[in-house]
Amino acid sequence: MYPILFFTLGACSTININEPLATNLQEIGRPRVLLMQTQIIHSADTYSMDLIVDISKGKLTIIGSSLGIRVFTLSYDGVNISEGLGKGLPFYISNSLVVDDVMLALTSHEALKANLPIDCSLVVDNGLEKIYCSDRLIASVSQNRGLDKNMTVSVKRSNPEYELNIVMSEEQ
């Protein structure tokens, strides 16, 4: 699933963002457990993975599985990302990009705007949040709540180029 994981931000001919876009744990809301069915589209390839996201006081834990096999476990304390149980991600998968995409899906545009890195800005256009750094489009995020109370989130990145689609529900 997560080819967003398969790439790092920054190629020779494009802008290099050394800081995550959404890193403030206090801005992702109250403690809870979320289930996320994810799909990533990169070029002609599509990948799927299930995520369990545990938001605890001062910590974010993301467990990724595919076909019932735990692929990775990541914990983020607001500063550091730790790896836990799982088969492991290939060397080219960026843990920080996984955490950042989950944070983008959970952060309001007001909170995101207040916490963006220097030289970055947020433009909201018809519900579409566009993040620019050094006047280049880096990512866009859209969110829709369905009648079933599930949240659908789409994150599109420019570098590396991919689209992440998430259907998110809260575990009761």
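The values are calculated or read from the model by the stated rules, or taken from the named source; none is laboratory data. Just so it is clear, the structure is predicted and the values come from calculations on it, not from any experiment. Positions of Cβ are backbone-derived with ideal geometry, glycine not excepted, and every protein chain shown enters the neighbour counts.
Residue-wise test of (1) part of a strand (DSSP E or B); (2) within 20 Å of V33 (Cβ to Cβ).
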{"site": "L60", "(1), (2)": "yes, yes"}
{"site": "D101", "(1), (2)": "no, yes"}
{"site": "V123", "(1), (2)": "yes, no"}
{"site": "E129", "(1), (2)": "yes, no"}
Between T107, T73, which is closer than 18 Å to R32 by Cα, hydroxyl-bearing (S, T, Y) and in contact (Cβ under 8 Å) with a residue 60 or more places away in the chain? T107
Which one of L21, L9, L25 is buried (at least 16 other Cβ atoms within 10 Å of the Cβ), farther than 22 Å from M168 by Cα and either modelled with pLDDT under 90 or of a type in the set (S, T, N, Q) (or both)? L9
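Let's see how each residue does on (1) at pLDDT below 90; (2) in contact with a helix residue (DSSP H, G or I) (Cβ under 9 Å, 6 or more places away or on another chain); (3) buried (at least 16 other Cβ atoms within 10 Å of the Cβ); (4) among the hydroxyl-bearing types (S, T, Y):
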| site | (1), (2), (3), (4) |
| --- | --- |
| S108 | yes, yes, no, yes |
| I118 | yes, no, no, no |
| L128 | no, no, no, no |
| S142 | no, no, no, yes |
| K149 | yes, no, no, no |
| N159 | yes, no, yes, no |
Return the total of residues in segment 40-53 being in a strand (DSSP E or B) and loosely packed, with under 15 Cβ neighbours inside 10 Å. 3
